[in-house]
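In what follows, a single structure is set out as structure tokens and then discussed.
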Amino acid sequence: MPLAHYMLFTPGHQGARDRIGGLPTHLPASPPVSPHTGEELAFLLQLYADDHRLPLPGVLGLHVYQIADDYDPSPVIVP
């Protein structure tokens, strides 16, 4: 049987490294911008890389951003 990971949603930060919404723990060097409009993207979620769930050598984690308006719903991943 394949291994599955489940998310537990609790209000506030609660010390968790993964998060949906709010502000990212570690900000990128510069705010990511839309390749279509040049506008700053809105933060959606962050996932920390580890040896079990997200094995990405040399990467602390992933941030996922999205254009704030409805122009393009495609997420943008920033390692």
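The values are calculated or read from the model by the stated rules, or taken from the named source; none is laboratory data. Bear in mind that the values here come from a model prediction, so they are computed numbers and not experimental data. All Cβ positions, glycine included, derive from the backbone under ideal geometry; neighbour counts span all protein chains shown. Surface accessibility is based on the protein's heavy atoms, side chains included, excluding ligands, DNA and RNA. Shrake-Rupley method; radii C 1.70, N 1.55, O 1.52, S 1.80 Å.
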In nm, what is the difference between 0.36 nm times the number of residues separating residue 5 and residue 51 and their Cα-Cα distance?
15.2 nm
What are the semi-axes of the equivalent ellipsoid for the chain, taken as the square roots of 5 times the Cα gyration tensor eigenvalues, largest first, in whole Å?
24, 15, 13
Starting from the Cα of residue 25, step 7 Å along the direction of its Cβ; do the same at residue 44; then give the gap between the two resulting points in nm.
2.1
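Could you compute the net charge surrounding residue 57? Neighbours are other residues with a C-beta less than 12 Å from the C-beta of residue 57; K and R count +1, D and E count -1.
Details: positive: none; negative: 50, 51.
It works out to a net charge of -2.
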Per residue, how many Å² of accessible area does the chain show with a 1.4 Å probe?
78
Excluding ligands, DNA and RNA, the carbon-plus-sulfur percentage of the accessible area of the chain with a 1.4 Å probe reads 62
Taking the simple approach of a point 7 Å from Cα along Cα-to-Cβ for both residue 74 and residue 62, what is their distance in nm?
1.6
